[in-house]
Amino acid sequence: MHKIYIDGSWVNSSSGKTFESFNPATKKSIGTFQQGNAADARHAIDAAYDAQKKWAGMPAPSRARILFNIRDLLTKDKERLGRLVTTEMGKILPEGLGDVQEAIDIFEYMAGEGRRLFGHTVPSELPDKFAMTTRLPIGVVSVITPWNFPIAVPAWKMAAALICGNGIVWKPSSDTPLCAVELVKIFEKAGMPKGVVNLLTGPGSSVGDELVRNRAVSGISFTGHRDTGEDILRKAGVKRVGLELGGKNGIIVMDDADLGLVVDGIIWGAYGTSGQRCTAASRVIAHEKIAGKLEKLLLARIAKIKIGDGLQKGTDMGPLINEGAVRKCEKYIDIGKKEGAKLVCGGKKGSASGHFFLPTLFTGAAPDMRIAQEEIFGPVLSMIAVKNMDKAIEAINSVDYGLSSSIYTKDMKNAFRAICEIEAGLTYVNSSTIGSEAHLPFGGVKGTGNGVREAGITGIEEFSSIKTVYFDYSGRLQRAQIDTD
Ligand code: UN1
């Protein structure tokens, strides 16, 4: 029986309730977890509030040493944790290991920030006066994370929050609580002072409100479903909120593209992680001259995708996270057919031993169809044929999301048009929509979020507050805007 972690102790929830986590490839239980409630959340917030003061008082390079320890422990444990990611979340082992590597990268990067955390020093308009900015932590932050990157996404948020000196209450997805427990054990082993990071497992419905509304919480960082994100924003009032709410990412393929490269990129973007990435490619916007040829090439490759338990060597695609995800895909298959798109492969469940769904391709889709507008979060790809670059840009921008995007072309003009005209936080040229790196900003526009960028230097912006300092050593009253020359 796993516990929650409050103020440096592993304890039971006062709810007395528990829930189980399942391996989506086998449907077997992998553990029992505490169903935290509002009272647990209040304890965790209080603990974080008290511990944060001391943590913030530690010089940032000393905090960084603990982050470097976390990096080292994650590196030592990469194989075990990667297998755990695969077992609990379902992605194939190389991707499970990649999930852990992404966490290693961000802890390394943010630990390095401990010796920077730059502010600015600029001239004052008055003599004998310094004008500068420095960074302070926000305070206590609630970190609410999804199951699709059960180690990497929490790490992006927590590494940045920690180096800035914040206290944390973390609520992971109820589909991946074991990954969360194991990550917190690593924090503990790395020497994280008690109370700085607290872990609450259990459904958002029982702890979410407290994590968002409690007055001792100053910031919330959330990745997940759009409805939840919008609800958080409404309830959070003036708190700092960072949201990453998904995407409907497109790949533009122009008629001069190298189709071999394109097929590799589409297969990876659409069916990697079984399409369960916020950055997954769910639309291909192909120039009409090559659309037919591209369809044939894709079908040949899709036929070779080996579906199964991600721990098994040679598996290309694992299961979906749960039964609900399978049902959602089935629902969109019906919608797509009714809308008049052509289902050319997949469209149904795989083996019943797990939550498998076949890699699916719709052709003849129109940009405004629901299958081309709504986030499905599964291996369902829609192909839209267009006449030219103008139409491609119009189609790719026709959705109410703006996370990732990609263009395959040899024409520099089209590549730069994509960079300048696609409404998205990320644009890849001649590679797929997935594969962001820890030291670059990550986030989107439109319905994808509220403009916050995680990771990279922008991760520091998300979790720190700027203090402007005026330091006058003239020994007399100097009035800005009045006593200037
Ligand atoms: C997500 O799906 O929420 O670029 C994050 C990528 C990964 C991160 C995805 N590095 O696909």
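The values are calculated or read from the model by the stated rules, or taken from the named source; none is laboratory data. All values derive from a computational prediction rather than experimental measurement. Cβ coordinates were reconstructed from backbone atoms using ideal geometry, including for glycine residues, and neighbour counts include every protein chain displayed. Accessible surface areas use protein heavy atoms only, side chains included; no ligands, DNA or RNA. Shrake-Rupley method; radii C 1.70, N 1.55, O 1.52, S 1.80 Å.
So the values come out like this:
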item: Antiparallel %, DSSP beta bridges [both residues in the range 249-429], to 5; result: 15
item: Check: the chain dipole with +1 on Lys, Arg Cβ and -1 on Asp, Glu Cβ, in debye; result: 780
item: Neighbourhood charge, 10 Å Cβ-Cβ cut-off, centred on Asp472 and excluding it, Lys, Arg +1 and Asp, Glu -1; result: +1
item: Probe 1.4 Å - accessible area at Ser174, Å² to nearest ten; result: 40
item: Accessible surface of Trp268 - all protein chains present, 1.4 Å probe, nearest 10 Å²; result: 110
item: Per-residue SASA entry for Asp483, accessible area with 1.4 Å probe, Å² rounded to 10; result: 60
item: Inter-label distance for Ala39 and Arg115, nm, one decimal - labels placed 7 Å from Cα along Cα-to-Cβ; result: 4.8
item: Histogram of C-alpha separations across the range 249-429, 5 Å bin width, %; result: 1, 9, 19, 22, 21, 15, 8, 4, 1, 0
item: Residue-count net charge about Ser432 - beta-carbon cut-off 12 Å; Lys, Arg +1, Asp, Glu -1; result: 0
item: Area projected by the alpha carbon convex hull of the chain, averaged over all directions, nm²; result: 25.1
item: Net charge of Cβ neighbours under 11 Å - reference Ala25; Lys, Arg +1; Asp, Glu -1; result: +1
item: For Phe357, distant residues with modelled amide H under 5 Å away; result: Leu320, Gly350
item: The chain: antiparallel DSSP beta bridges as a percent of all, rounded to 5; result: 40
item: Label point distance in nm, Glu125-Trp10, each placed 7 Å from Cα along Cα→Cβ; result: 6.0
item: Point-charge dipole on Cβ atoms (K/R +1, D/E -1) for the range 384-430, about Cα centre, debye to 20; result: 240
item: Compactness relative to 2.2 N^0.38 Å, alpha carbon Rg of the range 1-144; result: 1.41
item: Whole-number D in µm²/s for the range 260-363 (Stokes-Einstein; Kirkwood sum over Cα pairs; 20 °C, 1.002 mPa s); result: 150
item: Candidate residues Glu330, Glu210, Glu462: accessible-area rank, largest first, probe 1.4 Å; result: Glu330, Glu210, Glu462
item: The chain: angle of helix 152-163 to the longest principal axis, Cα-based, in degrees nearest 10; result: 10
